[in-house]
1. Looking at A:Lys26, is it within 12 Å of chain B (Cβ to nearest Cβ), among the basic types (Lys, Arg) and either open to solvent by 60 Å² or more (accessible area, probe 1.4 Å) or closer than 19 Å to B:Gly58 by Cβ (or both)?
2. Look through A:Arg94, A:Arg80, A:Arg62 and report the one residue that is free of Cβ contacts under 8 Å to residues at least 12 places away in the same chain and farther than 16 Å from B:Gln104 by Cβ.
3. Mind checking which pairs have a first residue in the range B:37-66 that is facing another protein chain (nearest Cβ under 9 Å) and a second that is in a loop (DSSP other than H, G, I, E, B) and among the hydrophobic types (A, V, I, L, M, F, W, C), Cβ under 6 Å, 6 or more apart or different chains?
4. State all residues of the range B:7-24 that are farther than 20 Å from B:Gly63 by Cα and within 12 Å of chain A (Cβ to nearest Cβ); if no residue qualifies, say none.
5. Which count do you get for residues in the range A:57-110 that are assigned to a strand (DSSP E or B) and touching a Pro at 6+ places or on another chain (Cβ under 7 Å)?
6. Please state which one of B:Leu115, B:Leu76 is touching a Phe, Trp or Tyr at 6+ places or on another chain (Cβ under 6 Å), more than 9 Å from every other protein chain (Cβ to nearest Cβ) and open to solvent by 60 Å² or more (accessible area, probe 1.4 Å).
7. For the range A:64-92, give me each residue that is open to solvent by less than 10 Å² (accessible area, probe 1.4 Å) and more than 23 Å from B:Gln41 (Cβ to Cβ).
8. What strands (runs of 3 or more DSSP E) lie completely within the range B:1-107 and have 1 or more residues being aromatic (Phe, Trp, Tyr)?
Amino acid sequence: SQQGEEDPQALSIQEGENATMNCSYKTSINNLQWYRQNSGRGLVHLILIRSNEREKHSGRLRVTLDTSKKSSSLLITASRAADTASYFCATDVREGGSEKLVFGKGTKLTVNP
Amino acid sequence: DGGITQSPKYLFRKEGQNVTLSCEQNLNHDAMYWYRQDPGQGLRLIYYSQIVNDFQKGDIAEGYSVSREKKESFPLTVTSAQKNPTAFYLCASSIGGAVSYNEQFFGPGTRLTVL
């Protein structure tokens, strides 16, 4: 069951520029999470935003959530080559009395030095 | 160091063989998960366990089996019934409770290739 979809699929920028990635989802959520994955590695949790929050910051990361539009954005400011990775949003889906996280296909970010 | 480990990093399997992927965590987490990732794709949930001796099927459980005899361990067996097992397998854990409120901690993954 596909819940979150990231946009764009790939993004290439220069070091120092800002990178914005978007996530859209279909059904109501409790929270939305963003994860990062370096090539061939496991995912690392970046930030969790609750459904009653509109914006959250963590270092160079800024996440927004618009529940009326069922969308979220992840902004990385002053990007560095080390930010090169894939970024995934994850939303909660409730099915048959159980709850699970569903991940999108990700945005592949390349930051060129 | 606290963390979640997976072994082996690379695994090669001949068609018709069962293989078992190891996942161990020392974070004292109640919940553990197995995901499959194909190139350019997101993660798909195979199995999850919220507590010892209990587990549930995810979205793509066919051809896979798991056990949860210890809190720290959640091994995944890829059986010969799995038609296309070549993929990157990720194990994760969380403190438990509501999935949506807790971050998941991931292992480094096992890349399985069927020869």
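1. Values: within 12 Å of chain B (Cβ to nearest Cβ): no; among the basic types (Lys, Arg): yes; either open to solvent by 60 Å² or more (accessible area, probe 1.4 Å) or closer than 19 Å to B:Gly58 by Cβ (or both): yes.
Here the answer is no, as A:Lys26 does not meet what is asked.
2. Working: A:Arg80 fails: free of Cβ contacts under 8 Å to residues at least 12 places away in the same chain; A:Arg62 fails: free of Cβ contacts under 8 Å to residues at least 12 places away in the same chain.
Selected residue: A:Arg94, the only one of A:Arg94, A:Arg80, A:Arg62 that is free of Cβ contacts under 8 Å to residues at least 12 places away in the same chain and farther than 16 Å from B:Gln104 by Cβ.
3. Partner pairs satisfying both residue conditions: B:Arg44/B:Ile60.
4. Once the filter is applied, which keeps residues that are farther than 20 Å from B:Gly63 by Cα and within 12 Å of chain A (Cβ to nearest Cβ), the range B:7-24 yields only B:Lys9.
5. Restricting attention to the range A:57-110, the residues satisfying the condition of being assigned to a strand (DSSP E or B) are A:57-58, A:61-66, A:71-76, A:85-95, A:98-103, A:107-110.
Next cut, touching a Pro at 6+ places or on another chain (Cβ under 7 Å) only: A:107.
Selection size over the range A:57-110: 1.
6. Values: B:Leu76 fails: open to solvent by 60 Å² or more (accessible area, probe 1.4 Å).
After ruling out the rest, the residue left standing is B:Leu115.
7. A:Leu65, A:Ser79
8. B:10-13, B:31-37, B:43-51, B:54-57, B:64-66, B:87-94
The values are calculated or read from the model by the stated rules, or taken from the named source; none is laboratory data. Note that the structure is predicted; figures quoted are calculated from it, not measured. Here Cβ is always computed from backbone atoms with ideal geometry, including for glycine, and neighbour counts include all displayed protein chains. These area figures cover heavy atoms from the full protein model, side chains too; ligands, DNA and RNA do not enter into them. Shrake-Rupley method; radii C 1.70, N 1.55, O 1.52, S 1.80 Å.
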